[in-house]
Amino acid sequence: MAGPTVLAFGGNALLLDPHNPATQERTAAAFARAVRMLMDRGEGMVLVHGNGPQVGMILLRIEATKDCIPPETLDIMVAETQGSIGYLLCRSMRNEIPEREIAALLTQVLVDPDDPGFASPFKPVGPYYAMEEAEGLVKSQGWRMLETAGKGWRRVVPSPRPQEIIELHTIMDAVGHGHLIIAGGGGGIPVIRDECGGLHGIEAVIDKDLTACKLAMATRAERFVILTDVPHVSTGFGSTSERRIGRMKASRARRLLAQGEFPPGSMGPKVEAAAIFAERTDLSALITNIELLERALGGKAGTWIDP
């Protein structure tokens with residue numbers, strides 16, 4: 001049997017309209033058809049979803065009920081979205097691929113409490129606030145806030161790098177039997193280990209592309225695919241000098257990352273994850289969108305990052 005496939009995609013791809021959560025069901029069905037395309041060879045598969053807008057919706061509910069219900073911590077929110085998104089995906093996958101065993105796994109991911117990400121939070125979460133509200137939250141909650149021009153202020157939280165996937169043995173066992181498992185959702189539930197080996201949740205969010213890369217390497221994946229909302233990676237994105245990249249070596253990807261070509265909050269982690277996979281496995285990774293996936297697998301679209 002061929003090695004497994006690891007497929008990562010963002011929460012924005014599922015929740016196209018935050019004001020209409022029902023769109024998640026229709027999008028999940030489209031993803032199920034894409035997964036069937038990737039599973040035709042009979043190998044196992046790991047699906048890693050993002051959860052940014054879904055956590056944002058929870059934070060909006062918390063904001064609306066803050067005077068009567070205690071707020072939840074970020075690790076609990078990640079666990080909640082792993083459950084809700086996992087359910088939607090499992091149901092859609094079973095409807096589209098009834099012959100395969102499919103399950104969603106609550107996945108904890110170990111992070112280092114001394115990770116530099118804790119000292120310099122940069123990952124925005126939740127709603128936008130006016131400056132006066134933001135200043136009040138800094139004083140009352142100790143939050144760090146970041147302004148987005150024309151939109152307002154948002155809370156920024158630590159985004160430490162994934163160190164260890166706690167449920168890795170279960171994931172490897174499932175893909176080894178040719179099953180599809182949804183794991184590492186939202187980058188994983190962030191946990192730290194105390195001096196006695198016990199696990200504790202921590203206020204952070206982990207980049208799902210880096211977690212997916214770690215899963216791809218650990219499961220000896222033959223294919224690592226990252227689906228996003230653009231058809232390919234570009235230089236000069238959004239400018240008159242924008243140029244599509246069809247293929248590039250991991251070394252060039254590293255240079256462009258160092259030059260700040262790919263923003264850390266969007267394409268940066270995807271390119272970095274693909275480059276790490278290519279460097280450490282001697283295999284290529286693909287970045288594209290769901291609409292062009294079939295053509296991209298044939299080398300006619302998307303961006304391939306090569307060893």
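Computed from the coordinates by the stated procedures, all read-outs in this text should not be read as laboratory data. Here the structure is a predicted model, which means the values were calculated and not measured. A quick note on method: Cβ atoms are made from the backbone with ideal geometry, for glycine too, and the neighbour counts reach across all protein chains shown.
Between Asp229 and Glu195, what FRET efficiency follows from the Cβ-Cβ distance if R0 is 51 Å, with the result rounded to 0.05?
With R0 = 51 Å, the Cβ-Cβ based efficiency is 0.75.
Counting only the backbone N, which residues of segment 25-66 are under 19 Å from the spot 7 Å out from the Cα of Arg280 toward its beta-carbon?
45-49
Which pairs, out of Lys151/Lys270; Lys66/Lys270; Lys151/Lys300; Lys139/Lys208; Lys66/Lys139; Lys151/Lys208, put more than 28 Å between their alpha-carbon atoms? Could you put the intermediate results ahead of the total?
Values: Lys151/Lys270 25 Å; Lys66/Lys270 35 Å; Lys151/Lys300 38 Å; Lys139/Lys208 31 Å; Lys66/Lys139 16 Å; Lys151/Lys208 25 Å.
Pairs exceeding the cut-off: Lys66/Lys270; Lys151/Lys300; Lys139/Lys208.
Considering only the other residues whose Cβ falls under 12 Å of the Cβ of Arg94, what net charge follows from Lys and Arg at +1 and Asp and Glu at -1? Could the numbers behind the result be given before it?
Details: positive: Arg36, Arg91, Arg100; negative: Glu96, Glu99, Glu101.
Overall, the nearby charge balance is 0.
If I fit a long axis through the Cα atoms of helix 23-39 and take the longest principal axis of the Cα atoms of the chain, what angle between them do I get, 0 to 90°, rounded to 10?
So the helix axis and the longest Cα principal axis differ by about 30 degrees.
Take the chain, connect every pair of alpha-carbon atoms lying under 10 Å apart with a spring to form a Gaussian network, then pick out the residue of Gly236, Gly56, Gly268 with the largest mean-square fluctuation.
Of Gly236, Gly56, Gly268, the Gaussian network model singles out Gly236 as fluctuating most.
Please give the charge dipole size of the chain, origin at the Cα centre, charges +1 on K and R Cβ atoms and -1 on D and E Cβ atoms. Round to the nearest 20 debye.
1020
Just to confirm the number: angle between the C-alpha axis of helix 267-281 and the first principal axis of the chain, 0 to 90 degrees, nearest 10?
Roughly 40 degrees between the two axes.
Over the Cα atoms of segment 41-127, what radius of gyration and what Dmax do you get, in Å?
Taking only Cα atoms of segment 41-127, I get Rg and Dmax of 16.5, 53 Å.
Take the Cβ-Cβ distance between Thr73 and Thr148 as r, set R0 to 25 Å, and report the resulting FRET efficiency rounded to the nearest 0.05.
With R0 = 25 Å, the Cβ-Cβ based efficiency is 0.55.
Please build a GNM for the chain, connecting alpha carbons under 10 Å apart, and tell me which residue among Glu72, Glu43, Glu291 fluctuates the most.
Among Glu72, Glu43, Glu291, the largest GNM mean-square fluctuation belongs to Glu72.
Over all alpha-carbon pairs in segment 153-284, figure out the percentage whose distance exceeds 24 Å.
In whole percent, the long-distance tail amounts to 38.
For each of Leu146, Leu88, count neighbouring Cβ atoms within 10 Å of the residue's Cβ, then give the residues from fewest to most.
Leu146, Leu88
Would you mind telling me the antiparallel percentage of the DSSP bridges in the chain, rounded to 5?
45
To the nearest 10 degrees, how steeply does helix 208-218 sit against the main Cα axis of the chain, on a 0 to 90 scale?
Helix 208-218 and the main axis of the chain meet at about 40 degrees.
I'd like the distance separating the alpha-carbon centroids of segment 183-214 and segment 275-289, in whole Å.
Between the Cα centre of segment 183-214 and that of segment 275-289, the gap is 22 Å.
Given 25 °C and 0.890 mPa s, how large is the Stokes-Einstein diffusion coefficient of segment 223-262 in µm²/s, with Rh as the Kirkwood radius over Cα pairs?
218
Give me the distance between the Cα centres of segment 236-270 and segment 81-128, rounded to whole Å.
Rounded to whole Å, the Cα centres lie 25 Å apart.
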